[in-house]
Amino acid sequence: MRHAGDRMTDVDGAGLRGASPVPVVLGPVVTGAHRVVVRPGRFDDHPRWRELRLRDRALIEPFWSRSALTWDERHRRNEWVREVLDSRRHIASGRALPCVIDVDGALAGQVALTAIDTVTATAELGIWIDSRLGRSGVATVATGMLVDHAFSTLGIRRVVAPAATDNAPAARASARAGFHRAATLPGWAPTGGHDVVAHDLWVLDRDDLGPGGLTTVGLRMTDPTADAVDVEALTRPARGHATVPHRFDDAVAVARHGLGRARTRVRRMGPPPMPADLDVAGTGLRLRRRRVLTAPMVSARSATLDDLCGPIRSGAWFDTDDADVVYEVRDTHTTVGRIALVGVNRSQGFAELAVSVDRSAASASDRAIGQAIRDVLGHAMSAMSLRRISTAVLRSDVRAGRLADAAGLHHETSLDGADCGRAAGTVEVWGLSATGDATV
C-alpha cells in the first residue's frame with residue numbers, strides 16, 4: 001500500500017506538483033439570478049444551516065452518515081461549532097477541503113473534497129444543497145468552482161463522487177455535470193438507518209473538461225451562451241474565516257471540542273478490545289498484536305513481506321476515533337505476515353483490511369494465512385461490533401484473490417484502479433458484512 005506524501009506523482013513516474021489545500025474563497029460567480037460563493041464555514045452560519053437541514057431532512061438523512069444522535073441533536077449549535085473546527089483541522093492536514101455554498105449572502109449548502117490523495121492525485125466529492133435551489137444550476141456551479149480549483153491549483157486529476165444507488169437526484173445531477181458511473185460497490189458505507197448501502201462511483205477526470213472547466217458547464221445549463229469562467233481569477237485567501245468564538249456558548253463548544261480531541265488521542269493510545277495473542281488453530285502460526293496508532297507506524301517496510309490486500313482507496317486517509325489494529329503472523333520467532341484493520345470506525349461499524357505476507361515462507365500457505373485472517377475478522381466483528389470489513393486486491397495478483405477467498409470474504413465487484421486512487425490495473429473488491437453474510 002502506498003500512503004500520501006508531499007509530492008504528487010504521475011502513474012508513469014513523472015512528478016505532478018500541486019499546492020496543499022488552504023482556506024479560500026471562490027467566486028462570486030453569477031448564475032441566473034443567484035450570486036454563488038464557495039467559502040469556509042463560520043460559526044454564525046449555524047441558524048441557517050440548522051434551518052435548511054431540518055426542513056430538508058427527508059431528502060438528506062437517508063443518504064447521510066449514520067449517527068446515534070437524533071436529527072435534531074445533530075444540528076445543535078455545538079455540533080456546528082465542532083464541524084467548523086474539524087473542517088479547519090482537515091484543511092490544515094492537507095487531506096480535505098470542506099466548504100459551504102453561499103448563495104446571495106447566506107449559506108445554502110455544503111460542498112467538500114475529502115480523501116485527498118497526493119500520491120494518485122485523486123479526491124472524493126460530497127455535496128448537499130437547499131432543495132429550493134434544485135434544477136437552478138447552483139449546485140453544479142458550486143461543485144464546479146471547487147473541482148476546478150482542485151484541478152488547477154491542487155494538482156488533482158480525478159474526482160470520485162460516491163452516491164447511494166437509490167439516490168436518483170444525485171445520479172441525475174452527476175450525469176448532467178459530465179461525471180460517468182464507473183462502478184457500483186455493494187457495500188460502501190453505512191447511511192441513514194442501514195448498516196451498509198451500495199454506492200455508485202461517479203468519476204470526472206480533469207481531461208474530460210474543456211475551457212472554463214466544470215463551472216462553465218454549470219453556467220451553460222441555464223444559459224448556453226454564458227462565457228467561460230476562470231475560477232482561479234476569482235480565488236482569494238480566506239482571511240480570518242470566523243473561527244474565533246464571540247459567543248459564550250461557542251467558546252464552551254470550542255473548549256469541549258479541544259478536550260474531546262485530547263481524549264480521543266489518549267483513547268487511541270490504549271489497546272483495542274482485541275486479544276493480545278492468538279493461536280491459529282491447525283497451522284502452527286501465532287498472532288501477536290502490535291501496539292500502534294496507525295498501520296504505517298508498525299515498523300519500517302519489511303524487505304520480506306509483500307502487500308496482497310489493502311484498503312479500497314489506496315493511500316486514503318481515515319479520520320476516525322479508533323486506532324488501527326495490527327497483528328504480526330509469526331511462525332516460532334519469524335514474522336511471515338501482517339494483518340491490519342485500518343480506518344477502524346466503531347461508531348459506524350466498518351474497517352478496511354490490509355494483509356502482507358512472506359510469499360517464500362512455507363508456513364504462510366493460503367490455508368494458514370486465510371485462517372489467521374478469519375480469526376482476526378471474527379474477533380473484530382464481535383469484540384469491536386464491526387458490521388462491514390472490505391479489502392481490495394489487484395486482479396493480476398492471483399494469490400491475493402485466493403487468499404481473500406480462503407479468508408471467507410466475498411467477491412463483490414471489479415474497479416478500474418484509477419477509480420479508487422490506484423495507479424493502474426483492475427482492482428477486485430472483496431467484503432464481509434455482518435448482515436447478509438455467514439459468520440466468519
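For (1) out of contact with any Asp or Glu (no Cβ under 9 Å at 6 or more places or on another chain); (2) modelled with pLDDT under 90, each residue gets a yes or a no:
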| site | (1), (2) |
| --- | --- |
| A175 | yes, no |
| A183 | no, yes |
| P186 | no, yes |
| D205 | yes, no |
| L209 | no, no |
| L214 | no, no |
| D223 | yes, no |
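Just to confirm my filter: which strands (runs of 3 or more DSSP E) fall fully inside the range 137-239 and include at least 1 residues that are closer than 30 Å to A392 by Cα?
Details: elements: 158-164, 180-189, 197-205, 235-237.
Filter on the range 137-239 gives 158-164, 180-189, 197-205.
Within the range 370-415, how many residues are in a helix (DSSP H, G or I), of a type in the set (S, T, N, Q) and buried (at least 24 other Cβ atoms within 10 Å of the Cβ)? Write out each step before concluding.
Applying the first criterion (in a helix (DSSP H, G or I)) to the range 370-415 yields 370-383, 398-406.
Next cut, of a type in the set (S, T, N, Q) only: 371, 382.
Checking which are buried (at least 24 other Cβ atoms within 10 Å of the Cβ) leaves us with none.
Qualifying residue count for the region: 0.
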request  = Would you check which residues across the range 355-369 are surrounded by fewer than 23 Cβ atoms within 10 Å (Cβ to Cβ), of a type in the set (S, T, N, Q) and within 15 Å of L308 (Cα to Cα) and list them?
outcome  = S360, S365
ask   = If you go through the range 52-74 one residue at a time, do you hit one that is more than 28 Å from T165 (Cα to Cα), out of contact with any Leu (no Cβ under 9 Å at 6 or more places or on another chain) and outside any loop (DSSP other than H, G, I, E, B)?
value = no
message = Just to be sure before I move on: is V22 among the β-branched types (V, I, T), more than 17 Å from I127 (Cα to Cα) and not in a strand (DSSP E or B) in the structure I sent?
response = yes
inquiry  = Take V160 and tell me if it is surrounded by 18 or more Cβ atoms within 10 Å (Cβ to Cβ), under 18 Å from the mean Cα position of the chain (by Cα), of a type outside the set (D, E, K, R) and at pLDDT 95 or above.
reply    = no
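The values are calculated or read from the model by the stated rules, or taken from the named source; none is laboratory data. Just so it is clear, the model here is predicted, and its values are computed rather than measured. Every residue, glycine as well, gets a Cβ built from its backbone with ideal geometry; the counts of neighbours run over all protein chains shown.
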